[in-house]
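Please treat every number below as a calculation from the coordinates, not as lab data. Fair warning: this is a prediction, and the values are worked out from it, not measured in the lab. Counting neighbours? That spans all protein chains shown, and the Cβs are built from the backbone with ideal geometry, glycine included.
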Amino acid sequence: MNPTTLAALAAFPSQLEAHYAAIPKAFRHWAPPSWEGVPSEAFTAIEQLCHVRDIEIEGYHVRFRRTLAETHPTLASIDSEPLAIERHYGAADPAAVLAEFRQARVQTMEIISQLSDAQLARTAVFEGYGPLTMRSLIHYLCSHDHQHLAGLQWLAGKIDAAGLST
């Protein structure tokens, strides 16, 4: 697997924590009047953390395991908004969410870091993405990470643009 992608995946928990910490504490539950232009899901800062954790565990862990164990499985997309409501993302403890995510990413790295070329070439179909390989799926996870860093930066920009930051 591409070492740049693996390094980015390994570094992401610290980047996520730093980007979240850059949001002023008073605005970690703040939502802008419009989500137009948001590069990630329309989630507040704390909701972004919860989403990333849950997609790691219930999305990518399951997708990786199925792609490795099954013959050309169809991998489900997860509807994130109902999950956020059901799990009360807004009431989550950020330190606990970040710790859970860090542990989940360790597990992800254990799954993907030693895959053979044959395993990386295994195929699946991902709802909303189409046909892919295990290698593709790893790149999509890295892309998902970056979307959520961008989402946190987008929120910071909206806070600043509204003259709300201190």
**Message:** Just to be sure I follow: if Rg is taken over the C-alpha atoms of the chain and Rh is the Kirkwood radius over the same atoms, what is Rg/Rh?
**Reply:** 0.99
**Prompt:** Ordered by packing density, taken as the mean number of other Cβ atoms within 10 Å over each peptide's residues, highest first, how do 50-59, 31-40 rank?
**Reply:** 50-59, 31-40
**Prompt:** If you plug each phi of the stretch 27-32 into the Karplus form 6.51 cos²θ - 1.76 cosθ + 1.60 with θ = phi - 60°, what whole-Hz ³J(HN,Hα) values come out, in order, with x for Gly and Pro?
**Reply:** 10, 6, 10, 6, 10, x
**Request:** Name the long-range amide H neighbours of Leu75: under 5 Å, sequence gap of 5 or more, or other chain; modelled H, no Pro or chain starts.
**Result:** Val125, Phe126, Glu127
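If I take R0 = 22 Å and measure r between the Cβ atoms of Ala161 and Ala96 in this structure, what FRET efficiency does the formula 1/(1 + (r/R0)^6) give, to the nearest 0.05?
Details: r = 31 Å, r/R0 = 1.40.
Efficiency computed from Cβ-Cβ geometry: 0.10.
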**Asked** How far is it, in nm, from the label point at Ala10 to the one at Ile78 when both lie 7 Å from their Cα along the line to the Cβ?
**Response** 2.4
**Asked** Along the stretch 62-72, what does the Karplus equation 6.51 cos²θ - 1.76 cosθ + 1.60 (θ = phi - 60°) give for ³J(HN,Hα), rounded to whole Hz, x for Gly and Pro?
**Response** 5, 4, 4, 4, 5, 4, 6, 9, 10, 8, 6
**Selection from Gly37, Met1, Ala99, by position along the positive dipole direction of the chain (Cβ)** = Met1
**Asked** What is the gain in length, in nm to one decimal, between Ala118 and Ala22 on full extension, counting 0.36 nm per residue of separation less the C-alpha to C-alpha distance?
**Response** 30.5 nm
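Neighbouring Cβ atoms within 10 Å as the yardstick, rank Met109, Met1, Met134 fewest first. Write down the numbers at each step before the final one.
Details: Met109 13, Met1 17, Met134 21.
Listing Met109, Met1, Met134 from fewest to most nearby Cβ atoms yields Met109, Met1, Met134.
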